[in-house]
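The values are calculated or read from the model by the stated rules, or taken from the named source; none is laboratory data. As the structure is a prediction and not an experimental result, all values here were calculated from the model. Neighbour counts run over all protein chains shown; Cβ positions are idealised from the backbone, glycine included. Just the protein is used for accessible areas: all its heavy atoms, side chains included, with ligands, DNA and RNA removed. Shrake-Rupley method; radii C 1.70, N 1.55, O 1.52, S 1.80 Å.
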Amino acid sequence: MRVTVSDDFRRSRLTVFFRLLLAIPHFIWWVLWSIAAVLIAIANWFATLVTGRSPDALHRFLTTYIRYSTHLFAYVYLAANPYPAFVPAQGYPVDVEFGEREPQRRWVTALRLFLAVPALLLAAAFEGSGFGGWSGYPGDGYGGDEKSFAWGGGGVLLVVAVLGWFVSVARARMPFGFRDVVVYGLRFLAELASYLFVLTERYPNVNPAATPVSAPSDHPVRLTVTDDLRRSRLTVFFRLLLAIPNFVWLFLWTIAVIFAAFVTWVATLITGRPPETLHRFLSAYVRYSTHLSAYVGLTANPFPGFTGTAGSYPVDPKLPAPEKQHRLVTGFRIFLALPALLVSSALHGLLVVSAFLGWFASLALGRMPRSLREAQAYALRYSAQVSSYVLLVTDRYAFSAPVLEAPEQLPGPEPPPGETPAVA
Amino acid sequence: MPDDLVLPEVDPASGIGAGVVEEAEEFESFLRWSFIASQLAALAVLVVYARRGTRFIRESAAGRIGTGMLLGMLGLALVWLSQLPFQLLELWWLRRHDVWKAGYLDWFVESWALLAAEFLFICLWLLITMALAARFRSSWWLPAVPVFAGLALLFAFLYPYLVVDQRAAPLELKRDVARFAERQDTEPVKVVVEETSEFTSAPNAYATGLGPSRRIFLWDTLLDGRFDDGQVRVVLAHELAHHAREHIWKGIAWLALLLLPLLGGVAWLTGRRGGLYQPRAVPLALLALVAGSLLLSPLDNAVSRELEAEADWIALETTRDPAAARALFRDLAREALEDPTPPHWAYQALATHPSIAKRIAMATAWERRKE
């Protein structure tokens with residue numbers, strides 16, 4: 001299964017403004033279709049269990065349903081502009097293509113619902129607890145009826161869609177980053193649906209790099225990842241407790257940072273450039289909080305130092321030197337940062353769920369699954385960008401695209417043998 | 001307490017009941033052996049950790065002290081794991097004898113929280129010792145003693161404010177304390193009730209705090225009707241005596257004295273691994289610290305028993321009610337299943353209070369002196 005994207009970012013202000021209302025006929029149709037899809041998915045499960053392969057007719061129906069769902073929610077979440085067809089046709093800007101039917105192992109089929117639990121938890125991070133068009137994938141066991149359309153906690157998709165709605169109404173364009181986040185989420189959810197409906201036994205991949213979109217970015221804040229995925233079971237088991245002294249230190253440092261940031265804000269407003277000493281202090285804080293989050297979230301293995309020294313940790317944000325900053329942007333910085341803070345908070349959910357799942361995986365395997373690590377690295381990179389923006393380390397707005405084009409090789413610690421440094 | 005005081009022989013079963021005494025002996029014997037086995041297990045784990053724990057240095061990207069903290073915390077984590085079976089066994093035993101009420105989940109959460117507190121403690125300990133080792137090298141333990149004594153003072157001062165489940169004591173208890181304070185020639189101390197009955201049925205009380213934070217904490221299990229007013233007054237007078245005779249200050253002074261050989265020993269042992277300046281010495285330091293504390297605990301306990309005996313005597317002088325004191329100690333033995341006459345070796349090594357038999361004997365001795 002693969003997702004294709006041919007969207008050009010342009011949006012019609014009128015259809016964006018009324019998007020939810022316009023989608024009502026689709027929602028009705030989709031609910032009806034979902035009921036049928038549940039029944040057929042159950043039949044498909046039995047058939048695949050017996051024959052080891054999904055029957056052609058059932059496979060066709062369910063793949064069509066997933067394509068339709070993808071089109072519909074790409075439309076609702078503003079990842080695409082055209083009104084989708086009620087029977088999915090080729091050429092929709094965000095589309096799903098399915099390969100030939102594959103043979104499937106019977107035990108994986110039999111245990112499908114249980115095996116899907118980790119992916120369902122990740123899906124919850126994308127969807128949030130309430131507005132759950134996608135949680136309507138029938139048979140996913142945690143929603144799917146009309147009640148789940150009620151407004152609820154902010155998953156990544158919902159937060160990005162709401163913010164994208166304002167931008168699209170104002171500028172008639174969906175921002176690069178937001179569109180790509182939605183595609184990332186829809187791709188994962190489509191893979192999850194394929195897995196739950198027993199169309200494939202390939203497990204949903206939460207690695208952002210598996211999304212067929214990448215955005216150009218020269219954002220000065222990037223994340224260098226030289227982690228080798230190895231995890232010490234003992235430190236993983238006690239990870240939260242081991243981080244307690246760091247939490248205490250972060251708390252104390254945060255108090256100092258609040259004052260330092262205020263002084264920096266005043267100085268930058270006056271001189272147009274943050275004072276070098278304060279910039280260094282705030283940069284160290286951004287680095288340290290990222291190191292600590294990476295440690296607690298199992299994105300990296302070693303116990304982090306307390307000073308936020310550049311290049312001292314396998315998951316390390318690369319931050320810019322003090323540079324000239326626009327006074328108007330500086331003046332309204334905290335208000336301007338609100339949308340980015342919302343997205344960051346939603347991505348934090350992804351980080352937490354990945355950490356929760358990674359804890360079990362690392363204990364069992366002594367390794368962190370790469371896909372989880374990469375999802376976390378994305379959330380951490382965005383969080384570092386937001387912090388840098390709020391704390392006046394840079395005046396470049398955080399860029400939410402999960403995959404960046406042409407990652408430049410940044411100076412940093414030597415990677416372990418056989419491991420290439422990744423830059424998120 | 002008079003120097004010439006001779007305690008009379010008393011029958012431990014008298015007033016308690018032979019059956020209860022037998023049960024208390026069995027109850028405490030089990031806990032005693034479990035404790036010894038758990039300490040041996042902890043030492044065994046720490047010996048292995050002292051030899052092989054340095055491999056965890058590679059799990060740290062922190063500097064010298066940060067890495068030391070990680071090694072310290074991991075050592076305690078391994079000890080915690082080694083203690084789990086013993087703790088579970090003890091919990092089962094306490095629940096079987098209705099001394100502990102809380103469930104296994106509550107116990108686990110509390111144990112986890114306690115481990116978190118231990119982690120913080122060891123991090124602070126290593127932060128201080130490793131920082132001092134950077135400045136004073138092998139003589140770090142000399143300045144460390146006043147620093148730790150100062151921290152103990154600070155903790156003793158703050159502790160009353162850190163107890164979560166506390167409420168004001170009934171008015172009559174406050175009046176009793178004011179009256180007793182006059183007799184003991186000291187300032188009245190605030191009395192508060194700590195709510196512990198949710199977890200345990202064992203009665204208890206303690207004196208804590210320094211200066212303005214001085215408090216007497218009575219567990220609500222002491223006020224649930226099992227003990228009459230006279231018995232509670234003996235407890236109050238005993239705890240007030242701790243404050244009147246500055247036992248908390250004396251306890252900290254003893255601590256400082258015991259820290260000298262303890263920290264000196266740690267410094268001497270870790271010198272073989274480059275001193276506590278080096279994180280690789282931390283696993284060995286942990287072993288030395290725990291082993292040294294165990295070795296010094298009989299001395300520490302002897303001091304504690306002496307202070308408790310003095311408080312018992314002052315309580316008798318204050319309440320002038322030896323019958324209530326005897327009844328209290330008998331009921332304590334019954335309710336907390338405390339062995340009135342523990343084996344001599346266990347008493348010397350582990351007991352922080354005089355035995356129930358000795359406390360009853362002291363009440364009788366006081367009574368005879370006044371006759």
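Loop-located trypsin sites (Lys or Arg not before Pro) across region A:212-294 with a Cβ neighbour count of 14 or fewer within 10 Å are lacking, with loop assigned by DSSP. Compared with the alpha-carbon gap, the fully stretched path from B:Ser213 to B:Arg272 is longer by 16.9 nm at 0.36 nm per residue.
Scattering from region A:222-390 was approximated by placing one identical point on each alpha carbon and applying the Debye formula without solvent; log10 I(q)/I(0) at 0.14 1/Å stands at -0.73. Take chain A, mark every one of the GluC sites (Glu not before Pro) that falls in a DSSP loop and has at most 15 other Cβ within 10 Å, then report the longest stretch left between them, sites excluded. My reading of the result: A:101-322 is the longest stretch. Per-residue Karplus couplings for region A:67-72, computed as 6.51 cos²θ - 1.76 cosθ + 1.60 with θ equal to phi - 60°, are listed in order as 4, 4, 4, 4, 4, 4 Hz, Gly and Pro entered as x. The per residue volume of the convex hull around the alpha-carbon atoms of chain A is 139 Å³.
Amide H to amide H, with H built 1.01 Å from N, A:Ser312 comes under 5 Å of no residue 5 or more places away or on another chain.
Return one number: the angle in degrees, 0 to 90 and rounded to the nearest 10, between the long axis of the Cα atoms of helix A:24-51 and the longest principal axis of the Cα atoms of chain A. So the inclination is approximately 70 degrees.
Run through region B:191-257 and list the GluC sites (Glu not before Pro) located in a DSSP loop whose Cβ has at most 11 other Cβ atoms within 10 Å. Before the final figure, lay out each step's value.
Values: sites: B:Glu194, B:Glu195, B:Glu198, B:Glu239, B:Glu246; in loops: B:Glu195, B:Glu198, B:Glu246.
Here the GluC sites (Glu not before Pro) that fit, given the DSSP loop and packing criteria, are B:Glu198.
Contact order normalised by length for region A:222-390, with contacts defined as Cα pairs under 8 Å and 6 or more residues apart; what percent is it? Each step should come with its number before you reach the end.
On the way: 218 pairs, mean separation 57.0, N = 169.
Here the relative contact order equals 34 percent.
Between B:Leu40 and B:Ala302, the FRET efficiency from the beta-carbon distance, with R0 = 22 Å, is close to 0.45.
Taking the Cβ-Cβ separation of B:Leu260 and B:Arg52 as r and a Förster radius of 30 Å, what is the calculated FRET efficiency to the nearest 0.05?
Numbers: r = 30 Å, r/R0 = 1.01.
With a Förster radius of 30 Å, E is 0.50.
Candidate cross-link partners of B:Lys174 among the lysines, defined by an alpha-carbon separation under 26 Å and a same-chain spacing of 8 or more, comprise B:Lys190, B:Lys250. Buried accessible surface for the A/B pair, both sides summed and rounded to the nearest 100, is 1700 Å² with a 1.4 Å probe. Between the helical axis of B:18-52 and the longest alpha-carbon principal axis of chain B there is an angle of about 10 degrees. Projected over every direction and averaged, the convex hull enclosing the alpha-carbon atoms of region A:34-73 yields 2.7 nm². Output the Kirkwood hydrodynamic radius of the protein assembly as shown, Cα pairs only, in Å rounded to one decimal. Computed over Cα pairs of the protein assembly as shown, the Kirkwood hydrodynamic radius comes out at 31.2 Å. When A:Arg10, B:Arg245 are compared by accessible surface with a 1.4 Å probe, the order from highest to lowest is A:Arg10, B:Arg245. Compute the Cα gyration tensor for region A:2-210, then decide on rounded, prolate or oblate, letting a ≥ b ≥ c be the square roots of its eigenvalues: rounded whenever a/c is under 1.5, prolate when a/b is larger than b/c in the other cases, and oblate in all that remain. Here region A:2-210 falls in the prolate category. For region A:304-336, list residues with backbone N below 20 Å from a point placed 7 Å from the Cα of A:Ile255 toward its Cβ? Label zone hits: A:306-308. The solvent-accessible area of A:Ile35, taken with every protein chain present and a 1.4 Å probe, is close to 100 Å². Heavy-atom accessible area with a 1.4 Å probe sorts A:Tyr378, A:Tyr203, largest first, into A:Tyr203, A:Tyr378. Of the listed residues A:Ser354, A:Ser387, the order by accessible area with a 1.4 Å probe, largest first, is A:Ser387, A:Ser354. Taking all protein chains as shown and a probe of 1.4 angstrom, B:Lys190 keeps an accessible surface of around 110 Å². For chain B, the longest principal axis of the C-alpha atoms and the axis of helix B:171-183 are separated by about 90°. A simple spin-label model places the labels of A:Val87 and A:Leu49 3.2 nm from each other, with each point 7 Å out along Cα-to-Cβ. Exposure check, 1.4 Å probe, all protein chains in place: A:Leu365 carries approximately 110 Å² of accessible surface.
Fully extending the segment from A:Arg10 to A:Thr64, taken as 0.36 nm per residue of separation minus the present Cα-Cα distance, adds 16.8 nm.
Using a ≥ b ≥ c from the Cα gyration tensor of region A:308-351 (square roots of the eigenvalues), is it rounded, prolate or oblate, where a/c under 1.5 gives rounded and otherwise the larger of a/b and b/c decides, a/b for prolate?
On the way: a/c = 4.25, a/b = 1.15, b/c = 3.69.
Taking the square roots of the gyration eigenvalues as a ≥ b ≥ c, region A:308-351 is oblate.
Which loop-located trypsin sites (Lys or Arg not before Pro) does region B:288-362 contain, where loop means any DSSP state but H, G, I, E or B and the Cβ has at most 14 other Cβ atoms within 10 Å?
Working: sites: B:Arg305, B:Arg320, B:Arg326, B:Arg330, B:Arg334, B:Lys358, B:Arg359; in loops: B:Arg320.
Taking region B:288-362 and a limit of 14 other Cβ atoms within 10 Å, the loop trypsin sites (Lys or Arg not before Pro) found are B:Arg320.
Stretch A:Phe356-A:Arg106 to full length: gain in nm at 0.36 nm per residue minus the Cα-Cα span? If you can, show how the numbers build up before the last one.
Details: separation 250, 0.36 × 250 = 90.00 nm, distance 2.83 nm.
Value of the extension gain: 87.2 nm.
Restricting the calculation to alpha carbons of chain B gives Rg and Dmax of 22.3, 72 angstrom. Modelled spin-label separation between B:Lys190 and B:Ala116, with each label point placed 7 Å from Cα along the Cα-to-Cβ direction: 2.6 nm.
Can you bin region B:109-194 into rounded, prolate or oblate? Criterion: square roots of the alpha carbon gyration tensor eigenvalues sorted a ≥ b ≥ c, rounded for a/c under 1.5, prolate for a/b above b/c, oblate for the rest. Note, shape of region B:109-194 comes out oblate. Under 5 Å between amide hydrogens, built in the peptide plane, is the criterion, and for A:Leu223 it picks out A:Lys318, A:Ala424 among residues at least 5 positions away or on other chains.
Specify the inter-centroid distance of region B:98-137 and region B:25-43, based on alpha-carbon positions, in whole Å. If you average the Cα positions of each part, the centres end up 21 Å apart.
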